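Please read the structure below before turning to the comments.
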Amino acid sequence: MSGKNQTIISEFILLGLPIDPEQRILFYGLFLAIYVTTVLGNLVIIVLIRLDSHLHTPMYLFLSNLSFSDLCFSSVTMPKLLQNMQSQVPSIPYTSCLAQIYFFLFFGDLENFLLVAMAYDRYVAICFPLHYTTIMSPQLCLSLVAPSWVLTTFHAMLHTLLTARLCFCADNLIPHFFCDMSALLKLACSDTQVNELVIFITGGLVVVIPFILIIISYVRIISSILKVPSARGIHKAFSTCGSHLSVVSLFYGSVIGLYLCPSANNSTVKEIVMAMMYTVVTPMLNPFIYSLRNRDIKGALGRAFHKKTFPFYL
């Protein structure tokens with residue numbers, strides 16, 4: 001490439017969502033409502049778990065981390081999307097693009113690992129209920145959460161640094177609503193083989209292995225549930241892990257649909273739609289899933305409302 005004239009790219013143009021200009025205001029209002037709901041919903045979960053002593057358990061430690069991850073994951077893309085929908089030139093600086101890649105990978109990977117920790121927590125709760133408190137000690141919970149933050153930091157940094165070493169020439173149009181790493185690789189005018197190899201290897205470590213661990217946990221959970229003699233016991237056991245299973249289905253369903261089920265037609269549109277599912281829709285739905293299906297969360301909400309409304313009774 002040294003013999004070719006190169007233009008230093010200082011910014012990229014995000015082509016955004018494939019919507020008609022006359023519908024832009026409608027979609028802007030919709031996405032703004034989704035983002036506000038996501039922020040408020042996850043903040044409520046975090047604050048409730050922080051303030052209510054009844055929720056100071058391993059399960060809700062993982063849930064508070066998941067809610068924080070969802071809040072940040074959505075905030076990586078949504079504010080810029082909303083800004084660009086109101087802008088005549090939907091651009092993003094080169095450095096901001098790299099930062100968006102880093103935090104997108106960081107919080108996406110963090111959700112992966114937290115879902116594994118929550119699956120293990122449900123496995124212990126159902127298969128070893130009498131030893132749950134002993135097994136899920138504070139030390140074990142910390143050893144499950146802390147490495148998740150460390151591993152995601154290094155993984156996100158690795159891909160960001162590999163992307164930063166690429167050269168970008170004349171084309172700076174990204175057919176997406178955020179700086180998607182695969183879209184950037186297509187724009188690069190330098191060799192991307194190392195990037196693609198690292199994506200293939202680490203993709204197995206960060207996505208496939210956690211998914212397999214979750215599947216193994218639920219195979220053992222289901223095996224244990226089927227040994228329960230009463231229908232009431234089976235229903236109670238399934239309800240214990242129903243919220244987590246719903247979240248896992250939403251998150252991995254979108255990821256598998258995007259990366260493991262490629263489509264030859266309308267691939268760009270499909271990528272955008274599936275990316276919207278796990279970056280926008282899933283973080284918004286998670287608080288509702290855990291609040292509507294969880295008696296502890298509903299109880300904490302009731303106690304918080306009662307304390308706010310009738311403080312003189314406390």
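The values are calculated or read from the model by the stated rules, or taken from the named source; none is laboratory data. Worth saying up front: this structure is predicted, and the values here are computed from it rather than measured. Positions of Cβ are backbone-derived with ideal geometry, glycine not excepted, and every protein chain shown enters the neighbour counts. For the accessible areas, the whole protein counts, side chains as well, though only heavy atoms, and no ligand, DNA or RNA atoms are used. Shrake-Rupley method; radii C 1.70, N 1.55, O 1.52, S 1.80 Å.
Taking the Cβ of Leu115 as the centre, find all other residues whose Cβ is under 13 Å away and add up their charges (Lys, Arg: +1; Asp, Glu: -1).
Residues close to Leu115 contribute a combined charge of -3.
As I understand it, the value is the acute angle between the Cα axis of helix 231-259 and the longest principal axis of the Cα atoms of the chain; what does it come to in degrees, rounded to 10?
0 degrees
Which far-off residues, 5 or more places away or on another chain, put their amide H under 5 Å from the one on Glu11, with H placed in the peptide plane?
Long-range HN contacts for Glu11: Tyr94.
Karplus couplings for the stretch 167-183 from phi (6.51 cos²θ - 1.76 cosθ + 1.60, θ = phi - 60°), rounded to Hz, Gly and Pro as x?
Per residue, the Karplus-derived 3J(HN,Hα) values read 9, 10, 9, 8, 7, 10, 8, 9, x, 7, 9, 8, 7, 6, 5, 5, 5 Hz.
What ranking, highest mean first, results for peptides 242-248, 140-146 when packing means the other Cβ atoms within 10 Å averaged over each residue? Walk me through the numbers on the way to the answer.
Details: 242-248: 19.1, 140-146: 15.0.
In decreasing order of mean packing, 242-248, 140-146 become 242-248, 140-146.
If you bin the C-alpha pair distances of the chain every 20 Å from 0, what whole percents do you get?
In whole percents, the pair-distance histogram is 29, 53, 17, 1.
Ranking request for peptides 180-188, 274-282: highest mean number of other beta-carbon atoms within 10 Å first, then the rest in descending order. Spell out each step's value before the answer.
Values: 180-188: 16.4, 274-282: 19.3.
Highest to lowest by the protection proxy: 274-282, 180-188.
In a Gaussian network model over the chain where Cα atoms closer than 10 Å are linked, find which of Gly302, Gly41, Gly203 has the largest mean-square fluctuation.
Gly302
How would you order 130-138, 107-115 from highest to lowest mean count of nearby Cβ atoms within 10 Å? Intermediate values should be presented prior to the final figure.
Numbers: 130-138: 12.3, 107-115: 23.4.
The packing order, highest mean first, is 107-115, 130-138.
Report, to the nearest whole %, how much of the accessible area of the chain belongs to carbon and sulfur atoms, 1.4 Å probe, protein only.
68 percent
For Ala304 and Leu15, calculate 0.36 nm times their separation in residues minus their Cα-Cα distance, and state this gained length in nm to one decimal.
Here the answer is 99.6 nm.
Run the numbers for Ala146 and Leu226: contour at 0.36 nm per residue of separation, minus the present Cα-Cα distance, in nm.
Additional length available on full extension: 25.4 nm.
Apply the Karplus parameterisation 6.51 cos²θ - 1.76 cosθ + 1.60, with θ equal to phi minus 60°, to every residue of the stretch 133-140 and state each ³J(HN,Hα) to the nearest whole Hz, in sequence, with x for glycine and proline.
4, 6, 5, 7, 6, x, 5, 5
Most mobile of Leu26, Leu161, Leu81 per a Gaussian network model of the chain (Cα springs, under 10 Å)?
In the Gaussian network model the winner is Leu26.
Can you give the convex hull volume per residue for the Cα atoms of the stretch 25-154, as a whole number of Å³?
Working: hull volume 14.5 nm³, N = 130.
Cα-based convex hull of the stretch 25-154, divided per residue, equals 111 Å³.
Measuring from label point to label point, each 7 Å out along Cα→Cβ, what is the Phe288 to Phe27 span in nm?
With each label point 7 Å from Cα toward Cβ, the separation is 2.1 nm.
Compute the angle between helix 282-292 and the longest alpha-carbon principal axis of the chain, please, reported from 0 to 90 degrees and rounded to the nearest 10.
10 degrees
Find the percent of Cα-Cα distances in the stretch 107-179 that exceed 16 Å, and round it to a whole number.
Tail of the P(r) past 16 Å holds 65 percent of the pairs.
Test of understanding: what is the full-extension gain from Asp191 to Phe128, defined as 0.36 nm times their sequence separation minus their Cα-Cα distance?
That pair, Asp191 and Phe128, stretches by 17.5 nm at full extension.
What's the angle, to the nearest 10 degrees (0 to 90), between helix 209-225's Cα axis and the longest principal axis of the chain?
20 degrees
Can you check what the net charge comes to around Phe251, using other residues whose Cβ is under 15 Å from the Cβ of Phe251 (Lys, Arg +1; Asp, Glu -1)?
-3
What does the helix-only formula give at 222 nm for the chain: each DSSP H stretch with n ≥ 4 adding -39500 (n - 2.57), the total divided by the residues, and the result rounded to the nearest 500 deg cm²/dmol?
Per the formula, -24000 deg cm²/dmol.
Could you give the accessible area per residue of the chain, probe 1.4 Å, as a whole number in Å²?
Ligands and nucleic acids excluded, the result is 53 Å² per residue.
Zone of Gln86 (label point 7 Å along Cα→Cβ, backbone N under 15 Å): which residues in the stretch 7-29?
Under cut-off, by backbone N: 24-29.
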